[in-house]
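Undergrad: Below is one structure. I have some questions about it.
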Amino acid sequence: MGTTWTAHDIPDQHGRVAVVTGANTGLGFATADALAARGATVVLAVRDVDKGTRAAARMTGDVTVQRLDLTSLDSVRDAAAALREAHPRIDLLVNNAGVMYTPRQTTRDGFELQFGTNHLGHFALTGLLLDRLLPVPGSRVVTVSSVGHRIRAAIHFDDLQWERSYSRVGAYGQSKLANLMFTYELQRRLAARGASTVAVAAHPGVADTELVRNSPTALRAPVELLAPLVTQPPAMGALPTLRAATDPAVLGGQYYGPGGRGEVRGNPRLVTSSPQSYDLAAQRRLWAVSEELTGVTSPV
């Protein structure tokens with residue numbers, strides 16, 4: 001492989017089963033499409049089955065659709081049960097789906113929407129599917145974070161659900177920081193078990209996707225105006241995830257993002273996350289709280 005990693009560097013994926021959340025549009029679609037084109041059996045885990053079916057029809061290869069609503073733990077459990085029944089082995093789980101800068105809302109289980117969807121839903125799904133990955137040599141859990149994990153971000157253990165006050169940007173930052181802490185803690189647990197499964201994180205830089213539709217009004221106009229200069233298309237934004245998912249040189253606990261200035265655009269490379277994301281005590285505390293909130297206990 002050259003020094004500039006592209007979709008052409010994705011190894012043959014025949015024989016691998018990949019589950020990609022939020023795969024009917026944007027980054028998820030680009031990720032699933034590339035994996036399917038290289039021969040993977042791909043499951044689009046999406047909230048809207050009709051949209052997922054239309055997305056699958058635009059892909060080549062073995063692609064199926066599974067309903068998954070990350071805002072409902074019942075839906076997460078139902079989806080995991082269906083996936084377990086259909087696939088005795090899973091090689092790759094890509095935790096990609098997410099919401100960004102939403103107004104104050106809660107999930108069906110009463111969690112703040114961004115934290116509940118971006119972190120807790122994926123935490124539960126991973127825990128429920130992990131025993132399908134553990135026996136598979138080289139299996140991976142790839143969780144998509146964001147440069148937003150650095151912006152007004154902290155894990156507010158005293159008010160995880162933002163009940164006292166609410167910041168769209170702060171809540172998003174918390175959820176994306178949680179994605180990284182989850183990845184690092186999961187990798188530590190996998191390594192302690194001696195598992196060949198690894199946990200890896202990625203971020204797309206600033207990609208031109210539908211996520212910006214919930215941006216505060218004051219931010220939306222400048223973002224749309226500057227988009228051609230500061231964003232990259234979903235196919236490029238998906239490359240860090242694809243590298244984390246397929247590059248044979250990837251190691252557990254690594255984090256991939258665009259290689260350009262400020263990690264905004266460019267081909268994927270190994271990057272580092274914020275200092276607080278590496279806080280071991282906070283990672284462990286978040287894991288314990290997540291188990292308590294979701295009722296899902298991981299096999300690791």
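Undergrad: Which order do the peptides 21-34, 231-244, 264-277, 133-146 take when ranked by the mean count of other beta-carbon atoms within 10 Å per residue, highest first? Numbers along the way, then the final one.
TA: Values: 21-34: 26.6, 231-244: 24.9, 264-277: 17.6, 133-146: 22.0.
Order by mean packing, descending: 21-34, 231-244, 133-146, 264-277.
Undergrad: I'd like to compare 65-78, 39-52: which one has the highest average count of other Cβ atoms within 10 Å, and what's the full order after that? Before the final figure, lay out each step's value.
TA: Working: 65-78: 19.8, 39-52: 22.1.
Averaged packing, sorted descending, gives the order 39-52, 65-78.
Undergrad: Another question, then. Within region 118-156, whose backbone N sits under 11 Å from a point 7 Å along Cα→Cβ of residue 274?
TA: Correct set: 146-156.
Undergrad: When N is the residue count of region 12-293, what does its C-alpha Rg come to as a fraction of 2.2 N^0.38 Å?
TA: Details: Rg = 17.2 Å, N = 282, 2.2 N^0.38 = 18.8 Å.
Scaled against compact globular proteins, the figure is 0.92.
Undergrad: Among DSSP bridges having both ends in the chain, what percentage is antiparallel? Round to the nearest 5. Mind showing how you got there, number by number?
TA: On the way: 4 of 29 bridges.
If we restrict to bridges inside the chain, about 15 percent are antiparallel.
Undergrad: Which order do the peptides 175-184, 95-104 take when ranked by the mean count of other beta-carbon atoms within 10 Å per residue, highest first? Please report the intermediate quantities before stating the final value.
TA: Details: 175-184: 26.6, 95-104: 20.7.
Highest mean packing first, the order is 175-184, 95-104.
Undergrad: Okay, moving on. With r defined as the distance between the Cβ atoms of residue 49 and residue 152 and R0 fixed at 35 Å, what FRET efficiency is calculated, to the nearest 0.05?
TA: Values: r = 35 Å, r/R0 = 1.00.
The calculated FRET efficiency here is 0.50.
Undergrad: Under a point spin-label approximation (7 Å from Cα along Cα-to-Cβ), what is the residue 108-residue 131 distance to one decimal in nm?
TA: For residue 108 paired with residue 131, the spin-label model returns 2.4 nm.
Undergrad: Separate question: Compute the distance in nm between two label points, each set 7 Å from the Cα along the Cα-to-Cβ direction, one at residue 251 and one at residue 60.
TA: Going from the residue 251 label point to the residue 60 one covers 3.7 nm.
None of the figures in this text is laboratory data; all of them are computed from the coordinates on show. Only a predicted model underlies this, so the values are computations on that prediction, with no experimental measurement involved. Methodologically, a virtual Cβ is constructed for each residue, glycine included, from the backbone with ideal geometry; neighbour enumeration extends over all protein chains shown.
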